[in-house]
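Data block below; observations after.
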Amino acid sequence: MLTPKQNMREAVRGGNPDRFVNQYEAVYIMMHPAAVARKRPMRGQENVVDNWGVTNTFPADVPGAFPVHTPDKIVVKDIERWRDFVKAPPLKFPQEMWDQFKAQYDAVDGEQVYKAAFIAPGLFEQSHNLCEISRVLTYYLINEDEMHDMIKYLTDWEMELAEGICANLHPDAILHHDDWGGIDSTFMSPAMFDDFFLDAYKQIYGYYHDHGVELIIHHSDSYAATLVPSMIEMGIDVWQGCMATNNLPELIKKYGDKIAFMGGIENRAVDFEGWTDENCEAVVRKMCGECGTKSFIPCIAQGGPGSVYPGVYASLSSAIDKLNEEQFGIKASESTRLPWQIMF
C-alpha cells in the first residue's frame, strides 16, 4: 500500500495510484514568518488591518476572510499614484524565527506527506485587496501601465519571499492562493490574464521548482477551465479548488498528462445548514465515478482542510475512505490519516 504522499504523486503524475487520494491527506500545510506577520483575522473577527494596510473581516458563516472596501478603507485612493499608498511589508526576519519554523518542518514525516508552505494572497487577489475588485478590473482595462508596474512590484516581493522560504525551510510543495474567477467565468479573458500574470507566475513558480519544490499546488476555487493552458505554462502541478462547473472529466481527458485537478466538491453542494452524510457521500461518489483516480484528487473546493459547517470535511473524508475500501480493498487506518486531519 502506498503512503499518502506516494499515492498523491502517482495521481498527480498520471501514474498508478492504488486508491483515491483523500482530500488533503498528503498535504501538510505549514506556515512561515511572513504568514504570521501578516495579521489575518480569525473566524468571527471584524475589521482587522493587515501589514499591507488592507482591512479584513472573517464572518462565522463563510470559508475565509475577505477585504472590507468601504471608501475609507480602500488602500489605493488614486491608481495613478499607487506607489504613494502601496507599501510592501519587510521580509527580513531574524534567523531565530526562521529556525523556529524549520523545526516545525523537520518534525513532519516527509515520507508520508508533502510539506507545503502556505502563501496567500496571490498577485490578482492582492491587487483587488488593495484597490477593490470592481475598481481594479477597470484599472486592468484603462490603466494598463500602472497595473503592470504594480504586478511587478508584487512579484518582486513574492520572489523575495520565495528566496527566504526555500533557503530556510526547504518545503517540497507550496499551496499558493489566487482566485481567478467566479462560479462560471474567469475575471478576465485568457489573453488579458496572460498579459498581466503569465510571466510573473512563471518567474515565481519557476523559482520554487528550481529550488527543490516538487509540487506547485495553486488554489482557485472558481471556474478557470480557459486558463488551464496558462496554468501548465506557469508550472502549476495541481489546480486545487476546481469547481464542478469546469467539466472536470473533459479537462482531465484533455490535460491530465500535464496537470492534476484537486476539487470537484463545491462547498455549495455539501457545506450548508442541514447538511447530511448521505448527501456528502452522493457527491463524492458522483465526482469520483466521473473523474477516476488519475490526475484527479477528490476534495472540498475551499483552499484548505475544513468546512464552514462542522463535520462536513470529515464526512467527505469518510465517504472517500468507504469508496477506497469498496473499490480497492484498502481500509483507512491511523497510518494513512494524520491526527491533524482527523480533527476536521
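The values are calculated or read from the model by the stated rules, or taken from the named source; none is laboratory data. Model, not experiment: these values are computed from the prediction. Heads up, the Cβs are rebuilt from the backbone with ideal geometry, glycines too, and the neighbour counts pull from every protein chain shown. Keep in mind that these areas ignore ligands, DNA and RNA; they rest on the heavy atoms of the full protein, side chains included. Shrake-Rupley method; radii C 1.70, N 1.55, O 1.52, S 1.80 Å.
Accessible area of GLU146 (1.4 Å probe, protein heavy atoms only, ligands and nucleic acids ignored): about 50 Å².
Beta bridges per DSSP, both residues in the range 134-256: antiparallel share near 10 percent. Given a 1.4 angstrom probe, I'd like the percentage of the accessible area of the chain that is carbon and sulfur, rounded to a whole number. Ligands and nucleic acids excluded, carbon and sulfur reach 52 percent. Measuring against 26 Å, Cα to Cα, the residue pairs LYS115/LYS202; LYS39/LYS115; LYS5/LYS331; LYS258/LYS322; LYS102/LYS322; LYS102/LYS258 contain LYS258/LYS322; LYS102/LYS322; LYS102/LYS258 as the ones spanning a longer distance.
Between LEU141 and ASN16, the C-beta separation translates, for a Förster distance of 56 Å, into a calculated FRET efficiency of about 0.75. Axis angle, to the nearest 10 degrees, between helix 199-210 and the longest C-alpha principal axis of the chain: 50 degrees. Relative to the longest principal axis of the Cα atoms of the chain, the long axis of helix 133-142 makes an angle of roughly 60 degrees. In the full protein context, the range 105-194 carries 37 Å² of accessible surface per residue, based on a 1.4 Å probe and ignoring ligands, DNA and RNA. Summed over qualifying helices (DSSP H, 4 residues or more, each -39500 (n - 2.57)) and divided by its residue number, the chain shows a 222 nm mean residue ellipticity of -12000 deg cm²/dmol. Extension gain for the segment HIS148 to GLU46, taken as residue separation times 0.36 nm less the Cα-Cα distance, is 33.6 nm to one decimal.
In this structure ASP210 has an accessible area near 130 Å², from a 1.4 Å probe over the protein heavy atoms.
P(r) tail for the range 217-293: Cα pairs beyond 19 Å make up 35% of the total. The label point for GLU278 and the one for LYS39, both projected 7 Å from the Cα toward the Cβ, are 4.9 nm apart. Stokes-Einstein D for the chain at 37 °C, 0.692 mPa s, Kirkwood Rh over Cα pairs, in µm²/s? D = 159 µm²/s. Computed from Cα atoms, the angle from the helix 144-168 axis to the main principal axis of the chain rounds to 50 degrees. Ranked by the mean number of other Cβ atoms within 10 Å of their residues, highest first, the peptides 107-114, 19-26, 93-100 fall in the order 19-26, 107-114, 93-100.
Fully extending the segment from THR57 to SER134 would add 25.9 nm, taking 0.36 nm per residue of separation and subtracting the current Cα-Cα distance. Which shape class, rounded, prolate or oblate, goes with the range 264-324 when its Cα gyration tensor gives a ≥ b ≥ c as root eigenvalues, a/c under 1.5 marks rounded, and past that a/b bigger than b/c marks prolate? Since a/c reaches 1.5 and a/b is larger than b/c, the shape of the range 264-324 is classed as prolate.
If the chain linking MET97 and GLN6 were pulled fully straight, counting 0.36 nm for each residue of separation and taking away their Cα-Cα distance, it would gain 29.7 nm.
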